[in-house]
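Undergrad: I'd like to ask you about the structure that follows.
Throughout, read-outs are computed from the coordinates displayed, never taken from laboratory work. Keep in mind that what you see is a predicted model, and the values were worked out from it rather than measured. Don't worry about glycine lacking a Cβ; one is built from the backbone with ideal geometry, like all the others, and counts go over all protein chains shown.
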Amino acid sequence: MYHYTESGLRNIYLSNGYKTFRDDDGTAVSIAHADDLHRVIGRSLASKPHLTGTELRYLRKEMGLSQKRLADLLGTSEQTVSLWERRGRMPKGYDRLVKLLYVEYLDGNVKVQAWIERLIELDLHHQDRVVFQTTKSGWKLAA
């Protein structure tokens with residue numbers, strides 16, 4: 001059995017599907033079809049009655065969302081999401097919504113995927129300084 005701590009979760013073990021080998025830096029592990037494994041882990045978490053903080057973090061990261069973007073999706077603050085992830089307690093309604101979003105994202109719900117991908121894109125293109133300019137037709141975002 002391999003204790004798969006790289007997932008960020010303490011209770012994940014693999015009975016097969018991995019190879020260990022030695023290299024110059026010590027022992028290394030190769031996981032077969034790691035993306036598939038992560039989806040199965042996520043689906044398993046989404047079927048639980050209540051998420052822990054580390055499980056919430058896992059699902060959030062699997063969807064590619066920052067704490068800020070998940071907070072935007074849920075209508076709460078980044079600090080609140082951070083608190084949930086650290087303390088492991090979140091209101092039941094938010095818990096259900098996160099699991100629903102994850103499953104819909106995983107199952108290919110195009111609208112949910114597009115929504116989440118748009119939020120990810122916003123994270124990637126975040127600007128600390130936004131410049132506007134006035135034109136003959138009114139105010140616009142400067143190029």
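Undergrad: What are the ³J(HN,Hα) couplings of the stretch 72-89, residue after residue, when phi is run through the Karplus curve with 6.51, -1.76, 1.60 and θ = phi - 60°? Round to Hz, x for glycine and proline.
TA: Going residue by residue, I get 4, 4, 8, x, 10, 9, 4, 4, 5, 4, 4, 4, 4, 5, 6, 9, x, 10 Hz, with x marking Gly and Pro.
Undergrad: Continuing with this model, one more query. Set the bar at 26 Å for Cα to Cα. Now go through Lys19/Lys99; Lys68/Lys99; Lys68/Lys92; Lys68/Lys111; Lys61/Lys92; Lys48/Lys111 and name every pair that lies beyond it. Let's see the in-between values first.
TA: Values: Lys19/Lys99 31 Å; Lys68/Lys99 17 Å; Lys68/Lys92 20 Å; Lys68/Lys111 20 Å; Lys61/Lys92 20 Å; Lys48/Lys111 24 Å.
With Cα atoms farther than 26 Å apart: Lys19/Lys99.
Undergrad: Residue-wise, which Karplus ³J(HN,Hα) couplings in Hz belong to the stretch 39-56, taking 6.51 cos²θ - 1.76 cosθ + 1.60, θ = phi - 60°, and x for glycine or proline?
TA: Result, rounded to whole Hz: 5, 5, 4, x, 5, 4, 5, 5, 8, 6, x, 8, 8, 7, x, 5, 5, 4.
Undergrad: Okay, moving on. Can you tell me the dipole magnitude for the stretch 2-128 around its Cα centre, using point charges on the Cβ only (Lys, Arg +1; Asp, Glu -1), in Debye to the nearest 20? It would help to have the intermediate numbers written out before the result.
TA: Values: 19 positive and 18 negative charges, 142 e Å.
Its charge dipole is roughly 680 debye.
Undergrad: Say R0 is 25 Å: what FRET efficiency, to the nearest 0.05, do Met1 and His38 get from their beta-carbon distance? Intermediate values should be presented prior to the final figure.
TA: Details: r = 19 Å, r/R0 = 0.74.
E(calc), rounded to 0.05, equals 0.85.
Undergrad: How far apart, in nanometres, would the label points at Trp139 and Tyr13 be if each is projected 7 angstrom from Cα along the Cα-to-Cβ direction?
TA: Placing both labels 7 Å along Cα→Cβ, they lie 6.0 nm apart.
Undergrad: Something else about it: For the stretch 2-128, which semi-axes, largest first and in whole Å, follow from the square roots of 5 times the eigenvalues of its Cα gyration tensor?
TA: Values: eigenvalues 153, 58, 48 Å².
Value: 28, 17, 15 Å, ordered largest first.
Undergrad: Can you work out the Karplus-derived ³J(HN,Hα) for every residue in the stretch 91-104? Use 6.51 cos²θ - 1.76 cosθ + 1.60 with θ = phi - 60°, whole Hz, and x for glycine or proline.
TA: Computed from phi, the couplings for the stretch 91-104 are x, 4, x, 5, 4, 5, 5, 4, 5, 4, 4, 4, 5, 5 Hz.
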